[in-house]
Amino acid sequence: MDDHVYLSRSHVIQNGQRLHLCYCLAKMQYIAMTLQHVFRQKLKSLISFITKSHVFGPTRCWMYSVEWQKRGLPHAHILVWFIDKIRPEEIDSIISAEIPDPSTDQLLFDIVTTNMIHGPCGTLNSSSPCMADGKCTKFP
């Protein structure tokens with residue numbers, strides 16, 4: 001049997017096995033709670049790293065807001081106030097983004113170029129890796 005889930009009134013039939021609906025919902029809730037817990041721990045670790053290690057300098061205070069996307073994944077907006085002001089000419093030394101050098105770290109280069117770069121696609125670039133049958137597969 002194919003790998004599909006079929007719902008009935010009180011049961012879920014998955015791969016030919018009949019499972020109680022409460023079990024499946026409890027399992028989905030457990031996954032969501034685990035995701036939330038892991039995200040919170042990583043967020044706390046990141047804020048601790050920035051504020052206690054003085055990565056960008058000593059901090060005065062900080063705040064964050066967590067939002068949940070439509071697909072169910074969280075993300076955070078973090079605002080940090082520093083004791084010493086950052087001057088406009090210092091921004092490029094603090095904030096930067098670059099594609100890893102493939103001769104230094106091929107695996108990281110492959111991960112970044114495959115998962116973190118998108119576009120242009122569609123009519124602008126029909127040979128883009130995300131294109132299939134003339135449509136973008138990442139953002140339909």
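The values are calculated or read from the model by the stated rules, or taken from the named source; none is laboratory data. Please read these numbers as outputs of a predicted model, since none were measured by experiment. Using ideal geometry, Cβ is built from the backbone for each residue, glycine included, and neighbour counts are taken over all protein chains shown.
Worth pointing out:
- Residues located in the stretch 68-121, provided they are in contact with a Phe, Trp or Tyr (Cβ under 9 Å, 6 or more places away or on another chain) and either of a type in the set (Phe, Trp, Tyr) or closer than 30 Å to LYS135 by Cβ (or both): LEU73, PRO74, HIS75, TRP81, PHE82, ILE99, PRO100, PRO102, HIS118, GLY119, CYS121
- Residue satisfying all of: in the stretch 57-92; surrounded by 13 or more Cβ atoms within 10 Å (Cβ to Cβ) and of a type in the set (Val, Ile, Thr); farthest from ILE47 (Cα to Cα) among these: ILE86
- Qualifying positions in the stretch 45-66 - part of a strand (DSSP E or B) and under 20 Å from ILE91 (Cα atoms): THR59, ARG60, CYS61, TRP62
- Here TRP81 fulfils each of the conditions (1) over 23 Å from the mean Cα position of the chain (by Cα); (2) at pLDDT below 90 apart from (2).
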